[in-house]
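Structure first, commentary second.
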Amino acid sequence: MARSTSQKRAQKYLRGIKSAEKRVRNLEEEILLQQSRLVLNGVAGGESVSKTLHGDAFEEGFVRLYDYCSDLDTELCNYIEERDKAFHLIGKLPDDQREVLYLHYFCDMTFPDIAKRIGVSKRTVMRYHENALSNLYSKLPLDKK
């Protein structure tokens, strides 16, 4: 089924929110990795830094950790704000359309899995999806179009 420009833009909007979620997860993983590096180098054990690694490297590790935390804070705030807006817009759609968009874009479910879950055919789910994208587009803020 060929999608219209408006459907593609609505889909791009939803995928952008999903990408933001992935960026948040990646930053969380980087923070954990950086913390584990610092722990492995004696920071958690209370050892003297000079005995475990060069002072500049130690300081660099904490600066990097701080930068990751700062980036995470920014990304997380943006992600939460965008996700809340999307949920508000999706909430204005009919129940069947709302459920399909939520399950597909926020729960990573495939159309066959959604069909089984809500008790309709895959073709019906795809029709709900197409209609939902069209309806969502008409509700998007102008700067997202």
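The values are calculated or read from the model by the stated rules, or taken from the named source; none is laboratory data. Computed from a predicted structure; not experimentally measured. Each accessible area value is taken on the protein alone, full model and side chains, heavy atoms only, with ligands, DNA and RNA left out. Shrake-Rupley method; radii C 1.70, N 1.55, O 1.52, S 1.80 Å.
Which entries of 8/85; 22/92; 12/85; 12/122; 12/139; 22/85 have Cα-Cα distances beyond 24 Å here?
22/92
Surface exposure of the stretch 72-117, expressed per residue as accessible area with a 1.4 Å probe, stands at 58 Å².
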